[in-house]
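Note sheet for the following structure.
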Amino acid sequence: MSRIYKIASESSVIVYFGSTIDPAISQEVQKSYLALKAEKCEGFFEIIPSYASLMVSYDVMQFDFDGVCEKIEKIIHHAEEITMNEPKIITIPTYYGVEVGLDLELLAKEKNLTVEEIIALHVKGLYSVYAIGFAPGFAYLGEIDERLATSRLASPRKAVPKGSVSIADRQTAVYPAQSPGGWKVLGRTPTAMFDASYDGLSLLHVGDQVRFVSISKEEFLKLGGEL
């Protein structure tokens with residue numbers, strides 16, 4: 001598969017493997033990421049995988065743009081030979097009550113479904129972690145059932161509560177901390193997405209898979225959730 005290299009800044013380059021959310025492209029990105037990490041190339045400072053691309057920041061005293069692209073291409077040329085481990089599956093308990101599912105009723109009306117049907121469609125999926133970004137611990141998961149696909153809010157909220165389980169387009173995510181945001185909120189989890197005790201500070205990592213499980217209000221509170 002052909003790759004496109006573009007300048008991201010004076011000291012970083014982005015390698016594009018495609019332009020869509022696609023499991024095959026994501027796997028190529030992940031294998032290339034593992035190949036680059038395993039090489040431990042002197043002069044590469046940071047390697048960040050995303051949906052269909054990798055960003056590599058590098059030492060401009062060791063590489064120019066053409067040189068770093070050549071080095072990256074040489075390393076990932078045989079990345080398809082890498083054997084990947086089975087993805088880690090992480091369960092996220094979620095309370096889908098309307099007092100925390102701020103947009104449940106709005107989405108149900110928009111989709112001509114009941115709240116219960118919205119919840120059922122969301123929990124039935126097994127979602128891949130495609131990227132980490134926006135905020136520490138914020139994982140972009142996909143893809144949700146096409147019947148749930150929805151636009152972002154016309155006016156983003158100034159403060160989305162920590163732990164809010166949300167959707168936008170055909171993606172789903174959990175807000176790791178209170179922050180502004182325009183994704184539609186379906187529920188809330190008591191599980192921390194970002195913590196100093198986690199590997200890399202994030203509960204989720206690219207390549208993991210996530211399953212949401214509906215819990216009661218009582219279970220939510222017992223697990224440390226806050227309304």
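The values are calculated or read from the model by the stated rules, or taken from the named source; none is laboratory data. Keep in mind that what you see is a predicted model, and the values were worked out from it rather than measured. Glycine also receives a Cβ, built like all others from the backbone with ideal geometry; neighbour counts cover every protein chain displayed. Ligands, DNA and RNA are excluded from the accessible area calculation, which covers all protein heavy atoms including side chains. Shrake-Rupley method; radii C 1.70, N 1.55, O 1.52, S 1.80 Å.
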All positions within the range 194-217 that are of a type in the set (Ser, Thr, Tyr) and more than 16 Å from residue 93 (Cα to Cα): 197, 198, 202
Positions within the range 1-47 being under 22 Å from the mean Cα position of the chain (by Cα), over 25 Å from residue 170 (Cβ atoms), open to solvent by 30 Å² or more (accessible area, probe 1.4 Å) and of a type in the set (A, V, I, L, M), in sequence order: 8, 34
Some residue of the range 74-84 being touching a Gly at 6+ places or on another chain (Cβ under 7 Å) and among the charged types (D, E, K, R): no
Subset tally (residues that are part of a helix (DSSP H, G or I) and surrounded by fewer than 20 Cβ atoms within 10 Å (Cβ to Cβ)) for the range 213-227: 5
Within the range 57-110, tally of residues that are of a type in the set (A, V, I, L, M, F, W, C), more than 26 Å from residue 5 (Cβ to Cβ) and either open to solvent by 80 Å² or more (accessible area, probe 1.4 Å) or free of Cβ contacts under 8 Å to residues at least 60 places away in the same chain (or both): 4
Close pairs from the range 115-142: first closer than 18 Å to residue 163 by Cβ and open to solvent by less than 30 Å² (accessible area, probe 1.4 Å), partner of a type in the set (D, E, K, R) and part of a loop (DSSP other than H, G, I, E, B), Cβ under 9 Å, at least 6 apart: 122/145; 127/143; 129/208; 137/195; 139/208
Test set (1) among the small types (Gly, Ala, Ser); (2) open to solvent by 20 Å² or more (accessible area, probe 1.4 Å); (3) not in a loop (DSSP other than H, G, I, E, B) - residue 192 fails condition number: (3)
In the range 158-167, the residues that are surrounded by 18 or more Cβ atoms within 10 Å (Cβ to Cβ) and more than 17 Å from the chain's Cα centre (by Cα): 160
Members of the range 201-212 found to be open to solvent by 60 Å² or more (accessible area, probe 1.4 Å) and more than 14 Å from residue 172 (Cα to Cα), listed by number: 201, 205
Strands (runs of 3 or more DSSP E) enclosed by the range 135-179 - at least 2 residues per element that are in contact with a Phe, Trp or Tyr (Cβ under 7 Å, 6 or more places away or on another chain) and of a type in the set (A, V, I, L, M): 164-168
